[in-house]
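All remarks here apply to the structure that follows.
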Amino acid sequence: MTRKTSSGLARLVGNNIRKYRKSNNITIEALAEKADLGAAYLGEIERGNTNITIFTIEKIARALDVFVSDLFLKDVNQFKFNKNTFLKKCERLSNNPQSVNQCIKSILEIERLFQ
């Protein structure tokens, strides 16, 4: 069951979902389908009008290919990181020691951002 809310946190998460969705040129309908949610419900989430479960947040994060924690950032532009793209780049570069070092430096920078 969802409840109407005016929580600042619900608005923050909803706005971040919308920003990630739009930055990836995904329609609300396409994201709703990918996350196995109703489009109207996702619209309510994006507007911060409903409390959602961690399970729902996780489904949306997976559909957007972001970390759950990314949806709680106060400034989405503060940390634009696509985990799958990053991992693919590291895998491609794994034969080059200098590139591996660059991946390690990136991982350390990401860790620093979340401390």
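Cβ-Cβ distances below 6 Å connect the following pairs, each with a first residue in segment 18-35 that is in the same structural domain as residue 60 (by TED's automatic domain parsing), a second residue that is assigned to a loop (DSSP other than H, G, I, E, B) and surrounded by 15 or more Cβ atoms within 10 Å (Cβ to Cβ), and a separation of six or more residues or different chains: 20/66. Restricting the search to helices (runs of 4 or more DSSP H) fully inside segment 1-111 and requiring at least 3 residues that are modelled with pLDDT under 70 gives 83-92.
The values are calculated or read from the model by the stated rules, or taken from the named source; none is laboratory data. Here the structure is a predicted model, which means the values were calculated and not measured. Cβ: placed from backbone, ideal geometry, glycine included. Neighbour counts: every protein chain shown.
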